[in-house]
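Novice: Questions regarding the structure given below will be posed in turn.
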Amino acid sequence: MSRRLRFVLIVCALLFVAFEAASAWMFGHLGANLTVRAETKDAIHLATTPLTPNTVLIVGNSLVLHGIDLDALNATLGPSYVARKETVVGSGYQDWLYGVPSLLDRGSHPTLIVLGFSPAQLVMDRPPIARTTRLVWTAHNLERYTVDRRIGLTAASNLVLQHFSAFFALRDQLRQDSRKLIVPGYAAMSHDFFDGAPLSPDPADVAIAAARLVQLDSMCAAHGARFAYLLMPTRAVDDAALEPMMIEAGKRAGVPVLVPIPNSALPVEDQLDGYHLNAAGAAMFSARTGAALRAISEVSTPGVVSPGS
């Protein structure tokens with residue numbers, strides 16, 4: 001090996017180390033990532049005690065981030081319950097199909113796991129995002145995903161690099177965070193841009209949703225936990241149309257479906273941006289969610305659960 005080639009390789013190695021170190025620092029200090037790290041730590045340490053025999057873990061995306069007020073939720077649940085939430089903005093079903101077992105494998109022991117999605121998000125098919133694959137998933141569940149989904153070598157290598165390299169995981173986040181800084185109202189516009197046109201009700205969606213609920217329910221049962229689906233209201237046209245179909249899917253799957261506030265009953269003044277709940281809406285929704293959670297803890301027959309049921 002010539003001296004020049006050796007010099008070039010050493011410089012490249014040093015640059016790689018420098019980029020990775022800088023990316024790791026930046027990735028660890030982004031606000032959204034700090035939230036995920038803190039919530040992941042809380043979720044992993046969630047366990048029952050003699051004083052709190054009922055532990056609830058609610059997972060989801062920005063709808064849960066803005067829509068679940070833990071203080072209001074825990075106040076309604078009472079002293080025998082402890083509830084925590086784990087939110088990853090932009091996450092979809094695939095993120096949590098492998099994210100939930102990752103949390104359980106890392107030590108989380110909730111008695112009830114709740115997936116908080118809007119109706120459209122439950123049936124939508126989107127790939128996992130870098131924030132989840134790096135901060136939540138274990139390497140074992142990442143491997144399971146690549147095998148189960150039979151993704152190509154390029155997609156698989158990207159996931160592996162995102163999981164083990166902060167530089168590769170940081171790329172997508174920098175693009176997202178840059179848009180939030182540059183584009184006014186990006187959070188509200190991103191729903192329409194990334195999710196596309198509103199979904200039209202399709203009878204096949206019932207079967208899709210039922211199969212997905214069964215998947216998570218079986219996985220939770222294998223770890224000794226119960227599972228429920230929390231329907232997050234948005235007042236979006238497609239969510240309102242799909243809502244009764246998701247309720248039917250829950251009945252078919254034998255999974256409790258919590259509907260604290262139907263889309264048609266959500267006041268517009270309780271929304272932050274026409275899609276997410278604001279602080280007042282979150283407090284009201286969380287109190288009703290607490291009542292619904294207590295209701296399914298007291299009955300064994302699955303079905304639709306609202307505060308008045």
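Novice: What tally of residues in the stretch 44-60 results from selecting those that are touching a helix residue (DSSP H, G or I) at 6+ places or on another chain (Cβ under 7 Å) and within 20 Å of residue 277 (Cβ to Cβ)? Give the steps one after another, and end with the answer.
Specialist: Filtering the stretch 44-60 for residues touching a helix residue (DSSP H, G or I) at 6+ places or on another chain (Cβ under 7 Å) gives 44, 54, 56-59.
From the residues that got through so far, the ones that are within 20 Å of residue 277 (Cβ to Cβ) too are 56-59.
The qualifying residues number 4.
Novice: Just give me the residues in the stretch 110-136 being part of a loop (DSSP other than H, G, I, E, B), in contact with a strand residue (DSSP E or B) (Cβ under 8 Å, 6 or more places away or on another chain) and buried (at least 24 other Cβ atoms within 10 Å of the Cβ), in sequence order.
Specialist: Once the filter is applied, which keeps residues that are part of a loop (DSSP other than H, G, I, E, B), in contact with a strand residue (DSSP E or B) (Cβ under 8 Å, 6 or more places away or on another chain) and buried (at least 24 other Cβ atoms within 10 Å of the Cβ), the stretch 110-136 yields 110, 118, 136.
Novice: Has the stretch 259-277 got any residue that is surrounded by 19 or more Cβ atoms within 10 Å (Cβ to Cβ) and charged (D, E, K, R)?
Specialist: yes
Novice: Looking at the stretch 67-80, which of its residues are out of contact with any helix residue (DSSP H, G or I) (no Cβ under 6 Å at 6 or more places or on another chain) and either surrounded by 21 or more Cβ atoms within 10 Å (Cβ to Cβ) or hydrophobic (A, V, I, L, M, F, W, C) (or both)?
Specialist: 70, 75 - these are the residues of the stretch 67-80 that are out of contact with any helix residue (DSSP H, G or I) (no Cβ under 6 Å at 6 or more places or on another chain) and either surrounded by 21 or more Cβ atoms within 10 Å (Cβ to Cβ) or hydrophobic (A, V, I, L, M, F, W, C) (or both).
Novice: Another question, if that's okay. For residue 154, all conditions in the list (1) farther than 21 Å from residue 211 by Cβ; (2) over 19 Å from the mean Cα position of the chain (by Cα); (3) part of a loop (DSSP other than H, G, I, E, B) hold save one; what is the number of the exception?
Specialist: All conditions are met except number (3).
Novice: Restricting to the stretch 212-257, and then to whatever is in contact with a Leu (Cβ under 6 Å, 6 or more places away or on another chain) and modelled with pLDDT under 95, can you tell me which residue is surrounded by the most Cβ atoms within 10 Å (Cβ to Cβ)?
Specialist: 238
The values are calculated or read from the model by the stated rules, or taken from the named source; none is laboratory data. All figures in this text were calculated on a predicted structure; none of them were measured in a lab. When we count neighbours, we look across all protein chains shown, and the Cβ atoms used for this are built from the backbone with ideal geometry, even at glycine.
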